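Values quoted throughout were computed directly from the atomic coordinates according to the rules given, and no laboratory measurement underlies them. In this text the structure is predicted, and so the values were computed from the model without any measurement. Virtual Cβ from ideal backbone geometry, glycine too; neighbours counted across all protein chains shown.
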């Protein structure tokens with residue numbers, strides 16, 4: 001199935017770009033996590049009619065794309081996942097709120113149109129914010145950062161192990177599905193008669209794998225505690241990165257920069 | 001049903017993070033209580049299993065479309081609800097990071113909407129009571145379908161509620177709910193049937209894998225409702241406090257967009273607000289113009305109470321059903 | 001220390017009473033032993049290996065490793081001295097990177113970070129896979145995974161290495177590399193395999209099993225050149241020996257026709 005092999009490719013791709021070297025890739029994962037959350041937080045906190053303020057938040061993705069060398073093209077693929085719903089909600093806005101705001105070259109701009117637009121912009125910016133975190137930071141590093149944030153060990157281990165075995169099970173699922181579709185060429189999905197046994201087989205394989213995994217772990221001294229390496233200490237550059245972005249977000253959010261710039265040109 | 005960041009206000013996102021975090025901490029505690037080292041690898045691999053299995057399309061007889069398994073109920077049946085909840089968190093986090101499926105700020109909401117209801121509500125209120133006195137094919141189908149339907153209904157309702165409270169979308173609550181619930185009724189039924197098919201297969205080939213902790217858990221319907229009630233009230237209260245301390249700022253921003261004074265902003269804002277309120281109607285007094293924190297908080301709690309009431313109502317309906325079912329069993 | 005490092009006496013094992021998987025297995029292994037454990041599918045080779053590391057405890061008879069009797073209590077000490085390389089490397093490599101994986105055991109045995117670093121370095125050097133250090137398991141080839149899996153157990157500095165089908169799914173070059181590595185490791189080795197050519201090159205001794213019993217236990221060449229013995233137990237001469245008789249090899253099993 002395209003979907004399964006696509007997902008495998010996607011995991012590999014994301015891991016590859018997260019592994020390259022750039023000033024952004026070198027920033028401490030915890031710092032990047034905090035900055036990302038702050039970015040998304042500030043972005044969504046813009047009022048739904050504040051297009052001009054919101055648009056200034058584009059500074060962050062632009063800066064990160066250029067500093068990290070991550071290509072913008074692939075991120076569009078990610079937008080595809082969540083954006084349809086956001087666009088749908090955005091398109092509906094003009095219909096439910098027809099309160100006029102102002103006239104633009106003879107066209108009445110309504111509140112709904114503006115709020116629909118901010119919704120769309122927020123949708124794009126927040127997805128890009130998340131994408132820029134994961135494309136410059138490995139999942140493992142994010143997990144270690146979560147560890148520093150006192151997220152319970154068992155949950156962090158859970159994320160690491162799930163991530164580790166996603167590709168293994170995706171390709172097992174793919175083998176099963178391919179073997180199935182070779183013998184049932186005209187079907188789009190799995191016939192209902194084999195719903196249970198097909199997933200069931202995958203399930204049993206997974207459980208056997210978990211048992212094998214457990215054996216391998218106990219033989220190497222595992223007794224319930226999962227130990228992994230710690231993150232390196234933050235450098236001064238990391239603190240600077242954090243401070244600069246936090247300050248920038250605050251300025252972009254709480255001053256009307258566009259209005260200021262605009263006032264330089266408009267009397 | 002993955003929510004995007006863009007549809008949320010920071011307050012709602014934060015509150016749902018808090019609710020999910022509380023549940024996660026409680027689950028970690030529960031998982032550790034009867035901890036066996038083997039749980040860790042099993043949970044990890046099962047998480048990956050659900051991740052992969054959710055990507056397989058199952059063709060639905062008679063239609064051209066396809067469905068997927070319901071991971072939460074399946075995991076809860078195999079690992080118990082607490083471990084299942086933690087597994088689901090890992091799955092949702094990875095989906096959010098790697099595939100941009102659901103946002104980072106919305107993760108708290110997504111955990112609540114998709115993992116909480118399926119793992120706890122679907123499991124304790126439906127799956128377990130139905131399965132309790134021994135399994136059979138029919139019971140597994142019934143439990144899975146009802147569990148999936150109810151947890152998806154609650155999830156869909158929460159999506160609508162969270163979006164409306166965030167106030168980003170102009171879509172009236174009633175319209176949103178009217179659109180979400182029927183779709184998810186259909187999806188829930190299909191997911192329930194597929195999940196049931198898998199569980200029946202497990203039941204008939206390796207039954208020892210199912211319900212490992214059904215006997216150890218004396219978790220009653222009442223307890224779930226109490227916990228949910230507390231969380232709902234807390235979230236509602238916190239939410240409205242945050243909302244009120246962070247004044248709407250509509251005037252301010254409209255002034256900005258329009259270049260200050262071309263428009264009587266006050267009128268339009270209040271008209272818009274009134275308009276929205278009229279349409280939602282569920283919480284007419286949710287934000288009555290003044291800045292009284294206690295007042296807003298009170299309305300938040302009232303709102304939460306309504307939600308809790310609705311949940312309890314649903315639970316009672318199914319509780320009655322459960323008793324009736326039991327009586328039927330005793331009769332025979 | 002006694003001459004016999006591994007002592008297995010009268011070990012029997014069954015999951016349920018009706019079918020015995022291992023029957024009265026007895027053998028010893030000394031410090032210079034590299035044993036090839038051979039036999040057809042399902043004769044109990046893997047089970048025997050699992051018993052030696054204490055993954056199956058419901059056996060009768062006695063097993064001791066380095067003078068420690070294998071019981072529930074002694075398991076941690078026994079396992080510290082014995083490394084088991086699974087057939088499926090995927091299960092053995094569960095950490096994000098090879099480095100982390102190799103460090104897993106030393107960390108569990110409470111070594112400090114310098115010692116862990118030292119152990120990992122040493123294991124990487126022994127197998128010469130320093131270049132894999134920061135690689136993720138799912139990006140590695142089957143051969144690389146196998147080598148990394150061996151490194152993970154070498155970091156425990158075991159006396160004994162057990163391997164289950166190590167050359168399965170390896171391409172010829174990686175198989176050759178594995179053989180060279182095995183010959184360079186001076187641990188006690190027990191290698192369960194159908195790859196008799198590999199056994200011929202890496203083991204000084206062979207134990208042939210059939211139906212849960214030891215059929216023969218002796219010098220590698222002696223057993224692996226005994227065509228009748230091998231064929232009677234579902235095996236064949238190693239490929240490299242099949243040409244030695246001068247004529248092209250023909251199995252002495254009567255030719256069977258398969259009707260489809």
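Structure data summary
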quantity	calculated
5 Å-binned pair-distance histogram of chain A (Cα, whole percent)	1, 5, 9, 11, 13, 13, 12, 10, 9, 7, 4, 3, 1, 1, 0, 0
Peptide A:72-85 - average C-beta neighbours from other chains (10 Å radius)	3
Rg(Cα) / (2.2 N^0.38 Å) computed for region C:1-144, rounded to two decimals	1.21
10 °C / 1.306 mPa s Stokes-Einstein diffusion coefficient of region B:1-77, Kirkwood radius on C-alpha pairs, µm²/s	101
Hydrodynamic radius by Kirkwood, which averages 1/r over all alpha carbon pairs of region B:60-168, in angstrom	14.7
Histogram of C-alpha separations across region A:9-166, 5 Å bin width, %	2, 9, 15, 17, 17, 14, 11, 7, 5, 3, 1, 0, 0
Equivalent ellipsoid, region A:152-219 (semi-axes from 5 times Cα gyration tensor eigenvalues, Å)	30, 13, 11
Rounded tilt (10° steps) of C:142-154 against the dominant C-alpha axis of chain C	60
P(r), alpha carbons of region C:98-176 - 5 Å bins starting at zero, rounded %	3, 17, 26, 23, 19, 8, 3, 1
Peptide B:89-95 - average C-beta neighbours from other chains (10 Å radius)	5
Tail weight of P(r) past 25 Å, computed on alpha-carbon pairs of region A:101-211, percent	58
CD proxy at 222 nm, helix term only [per DSSP H run n ≥ 4: -39500 (n - 2.57); per residue of chain C; nearest 500]	-9500 deg cm²/dmol
With Cα atoms, 0 to 90° folded angle of helix C:172-184 axis to chain C main axis	70
Relative contact order computed over chain C (Cα-Cα under 8 Å; 6+ residues apart), in percent	24
Ordering of A:89-97, B:173-181, C:31-39, A:70-78 by burial proxy (mean other Cβ atoms within 10 Å per residue, highest first)	C:31-39, A:89-97, B:173-181, A:70-78
Cα-based helix-to-principal-axis angle, C:98-108 vs chain C, degrees rounded to 10	80
Value of Rg to Rh for region B:5-211 (Rh from inverse mean 1/r over Cα pairs, i.e. Kirkwood)	0.97
Size descriptor, Kirkwood hydrodynamic radius, that averages inverse alpha-carbon separations across chain C, Å	19.5
